[in-house]
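Some notes on the structure that comes next.
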């Protein structure tokens with residue numbers, strides 16, 4: 001079983017593309033000049049969880065944060081550019097391509113159009129020559145810039161199990177036009193390997209390049225690239241596995257896919273982010289780290305991610321704060337940096353209707369021992385100012401990001417396994433929940449929560465935006481001494 005091959009079937013009519021032209025068009029971003037132009041002035045209060053009133057294709061210019069799945073984001077020029085999977089809610093969309101949007105602040109997103117007009121012909125030809133028919137949409141792109149060249153990797157799959165291809169488009173502009181520049185890696189059921197979708201690329205400090213990719217079957221693979229071309233260093237190389245899922249009896253614990261890779265110069269380590277489980281429900285993000293781009297990548301407990309076991313920390317998962325139904329399907333992330341700050345972006349699906357797909361960008365913080373954690377609330381460009389100890393006292397909502405193993409895929413993982421908030425009282429006397437056996441300390445935005453059961457939460461406090469109640473707030477994020485992510489909001 002696999003996520004991407006079942007994406008269209010899983011969403012029914014929610015996710016489809018109707019145009020089947022197999023030759024990408026030129027001329028830069030493809031737009032429909034008959035569509036209604038957006039005249040709205042940006043107001044954060046206008047960002048809704050659902051957007052049925054904007055779902056019709058005539059409103060595509062208003063899709064800024066909407067119809068977003070599997071994003072890849074890069075800052076270039078004055079904009080963050082986002083490229084994402086070809087999806088739509090409640091209708092057939094009018095392009096078979098890669099969706100493009102941009103923003104100056106990661107909050108106000110402008111939907112630009114589609115990267116090309118039609119499916120990439122080289123990937124189409126591979127699938128047809130292998131006896132299959134490609135899906136109508138392009139999935140899980142990855143964007144990067146090498147010198148003066150923009151490289152846009154893409155995934156094209158088919159209903160035939162594991163018959164997929166990752167290809168490369170190149171341009172001198174983030175707006176295109178894009179030129180097909182070859183296939184990077186292909187897969188089929190007769191070859192022992194993972195599914196050739198979901199690419200991400202790393203450039204090491206020495207200039208070496210590696211692609212990490214894969215979904216289900218044999219886990220996550222690493223493949224060395226030729227920096228000059230962006231194609232495999234060795235022709236027909238499939239790479240080797242570097243990450244896998246655990247098993248319960250004879251059933252895998254769930255899907256593994258959507259890798260993202262970064263090198264953090266400050267930490268002097270490579271970080272591999274991976275998505276677990278079914279995309280509509282339990283989808284969540286795990287992370288491991290390594291001293292080498294080729295691994296081994298280890299988790300919080302020092303376990304190699306290539307062993308058949310599930311790894312921690314889980315830094316984002318379906319969640320629910322009070323006064324809101326919650327969010328599910330929160331994974332397949334893009335991790336990027338600008339002005340010294342790291343961010344993580346992915347889609348989220350509102351629990352009230354899981355077929356809506358919304359942009360979620362969160363700021364990444366780093367623990368004292370070098371693990372990335374993300375804000376519990378979406379980024380809203382809130383000004384950061386000094387936080388005093390007195391501001392912390394009072395009632396908070398706290399979420400412990402726990403996890404329940406449900407082996408299997410979509411048919412088994414029907415519940416989002418929401419991690420729900422509970423109230424926590426921070427006392428002026430240094431106690432927690434009116435119990436002197438629990439205590440807290442605060443210094444330089446670092447909050448430590450000491451619990452009587454021996455658990456210690458070390459979290460960083462920042463100013464944020466309460467999306468559930470539409471007002472400014474304080475938030476915290478971090479890990480406890482068992483490697484479990486802890487979120488809070490006040």
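When 292, 275 are checked against the criterion of being within 28 Å of residue 401 (Cα to Cα) and modelled with pLDDT of 95 or more, a single residue qualifies: 275.
Only residues that are part of a strand (DSSP E or B) and surrounded by fewer than 24 Cβ atoms within 10 Å (Cβ to Cβ) were counted across the stretch 279-297, and they come to 2. May I ask you to list the residues in the stretch 45-80 that are buried (at least 19 other Cβ atoms within 10 Å of the Cβ), assigned to a helix (DSSP H, G or I) and in contact with a helix residue (DSSP H, G or I) (Cβ under 7 Å, 6 or more places away or on another chain)? Matches in the stretch 45-80: 62 only. Given the condition touching a helix residue (DSSP H, G or I) at 6+ places or on another chain (Cβ under 7 Å) and in a strand (DSSP E or B), answer yes or no: does some residue in the stretch 216-232 qualify? No, the conditions are met nowhere in the stretch 216-232. Kindly indicate whether residue 194 is crowded, with 20+ Cβ neighbours inside 10 Å and either assigned to a strand (DSSP E or B) or at pLDDT 95 or above (or both). In short, yes. Checking 23, 34 one by one, the residue that is at pLDDT below 50, more than 30 Å from residue 151 (Cβ to Cβ) and part of a loop (DSSP other than H, G, I, E, B) is 34 and no other. Could we say that residue 176 is under 21 Å from residue 101 (Cβ atoms) and out of contact with any strand residue (DSSP E or B) (no Cβ under 6 Å at 6 or more places or on another chain) here? When the stated conditions are applied, residue 176 passes them. Close contacts from the stretch 463-490, counting a first residue that is more than 18 Å from residue 373 (Cβ to Cβ) and a second that is part of a strand (DSSP E or B) and at pLDDT 95 or above, with Cβ to Cβ under 6 Å and a gap of 6+ residues or different chains, come to 466/473.
When you look at residue 259, is it assigned to a loop (DSSP other than H, G, I, E, B), under 14 Å from residue 212 (Cβ atoms) and modelled with pLDDT of 95 or more, yes or no? The answer is no for residue 259.
The single residue among 107, 100, 116 that is closer than 17 Å to residue 178 by Cα, in a loop (DSSP other than H, G, I, E, B) and in the same structural domain as residue 332 (by TED's automatic domain parsing) turns out to be 116.
The values are calculated or read from the model by the stated rules, or taken from the named source; none is laboratory data. Predicted, not measured: the structure shown is a model, and the values here were computed from it. Heads up, the Cβs are rebuilt from the backbone with ideal geometry, glycines too, and the neighbour counts pull from every protein chain shown.
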